[in-house]
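Data first, discussion second: the structure below is written as structure tokens.
The values are calculated or read from the model by the stated rules, or taken from the named source; none is laboratory data. As the structure is a computational prediction, the values presented were derived from the model and not from experiment. FYI the Cβ positions are ideal-geometry reconstructions off the backbone, even for glycines, and counts take in every protein chain you see. When the accessible area is computed, the model is the full protein with side chains, heavy atoms only, and any ligands, DNA or RNA have been set aside. Shrake-Rupley method; radii C 1.70, N 1.55, O 1.52, S 1.80 Å.
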Amino acid sequence: MKTALTDLFAIEAPIVLPGMSWISKPTLVAAVSEAGGLGILAAGPLDPDTTRASIHEIRSRTSRPFGVGLTLMMPGAAENTKVVLEEKVPVVNFALGKGEALVKAVHEYGGKAVATISSEKHAVSAERVGVDAVLLTGHEAAGHGGRVGSIVLVPAVAKALSIPVIAAGGFADGRGLVAALALGAAGVAMGTRFAACVESDLHENVKQAIVDKSQADTIYSNRFDGMWARVMETPAAVEATAKPMSLPRAGFRALRAAKKLGLPISRILGGFVAAPDRIRMLASFGAAIEKVEAATIHGDLERGVQFIGQAQGLVDDLASAGDIVRRTLAEAREIQATVADQLGEGTGAVRKVG
Ligand SMILES: Cc1cc2nc3c(=O)[nH]c(=O)nc-3n(C[C@H](O)[C@H](O)[C@H](O)COP(=O)(O)O)c2cc1C
């Protein structure tokens, strides 16, 4: 398959594994890249030594292009950025922060830079700072998708930009890939789909919950980690998103979060008076990290909360990453032939799909 994305990254399949914390690790990243897609390592929760070791491990498993995802607002992002640049990682994906200097540095060694964004406004700004592509997350997405659903967001942004758009949010199979291409994207990123695959380090309990749950079993709320985010609907998630945190509780949580993130306590105490909303946000963020770890790593859906997308309703099995890539391409080709026939431009050999 050939699109602007396969050309840009020198890959065979316009299918991306996005950087998912504690999930997009070397084995999974390499498996997706080896199958012809682009695997992206999630560096967010890694210290610089682990990031470097992970990059080396990916390179030992595949000689194909891969990426590293940086969450710029996270503590430790500057150190991880340094590692990524020293290692000359082929594709650098960044989210939640200004990437101008990073884009320039990536281009200096011939790498490609991709910004994760969720609105047309931010997509236009990202193109202006020189990124090579945007990873656009619609409302359906797991984690921090935008307010607008992919079916409207993707064509709006594709029309506004001249660089390739990677559509994310609701894409999990060949139908999704064909739809994304028809909407003007150059490929898809599939988070929920790859989270539930053989090589994913997501706890087996949660993988099974993804298979069992439907597209309606998610919650979109800004009360979980302080930003609008989509999580799996479970009793713990309902409780975590039921009401905003009280200020005293937020203060207590914020102090704990600051300690965990290595931030000075004085900043929290000062912020209490100056910007209570920021304290609430940090508190939510800190509490969320603990809950996400409980679900993702320990499989505890009684207390933990899991980022997940509406696409869980499209996941019926736990295939290997390579099979998912191959199957998505095969389904897409089949569906494309059917659609072409329906449009009166095919061979007449319509096959029934799915
Ligand atoms: C289990 C899980 C964990 C995720 N963790 C992160 C993360 O740590 N950082 C991030 O930028 N996006 C994260 N995402 C979001 C993905 O990068 C991607 O934007 C999203 O999954 C795309 O939508 P989809 O789930 O419908 O495929 C996560 C997604 C899932 C399913």
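Numbers for the structure displayed
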item	result
Largest to smallest principal axis extent of the C-alpha atoms in the chain, angstrom	69, 47, 38
Cβ crowding within 10 Å averaged over residues, with 305-313, 223-231, 73-81 ranked highest first	305-313, 223-231, 73-81
Cut-off under 5 Å, modelled amide H: who pairs with residue 93 long-range	68, 69, 70, 114
The chain, relative contact order [Cα under 8 Å, separation at least 6], %	16 percent
Long-range HN-HN contacts of residue 40 with modeled amide H, under 5 Å	17, 67
At least 27 Å along the helix axis (C-alpha) and Kyte average at least -0.5, DSSP helices within the chain	276-296, 321-342
Size of electric dipole in the chain: Cβ of Lys, Arg +1 and of Asp, Glu -1, about Cα centre, debye, nearest 20	940 debye
Solvent-accessible heavy-atom area per residue, rounded to whole Å², over the chain at 1.4 Å	45 Å²
Within the chain, helix-based [θ] at 222 nm, where runs of 4 or more DSSP H residues each add -39,500 (n - 2.57), nearest 500	-14000 deg cm²/dmol
Förster radius 41 Å - calculated FRET efficiency between residue 7 and residue 303 (Cβ-Cβ, nearest 0.05)	0.35
Portion, in percent, of the accessible area of the chain that falls on carbon or sulfur, probe 1.4 Å	55 percent
Options 342, 13, 137, ranked by Cα towards positive dipole end of the chain, top entry (Cβ charges)	137
Segments 103-109, 189-195, 37-43, 324-330 sorted - mean Cβ within 10 Å per residue, highest first	37-43, 189-195, 324-330, 103-109
For peptides 209-220, 91-102, sequence by mean Cβ density within 10 Å, most packed first	91-102, 209-220
Cα gyration tensor category, rounded, prolate or oblate, for the stretch 46-120 with a/c compared to 1.5	prolate
Within the stretch 60-86, backbone nitrogen closer than 20 Å to the virtual label 7 Å beyond the Cα of residue 100 toward Cβ	71-74, 78, 81-82
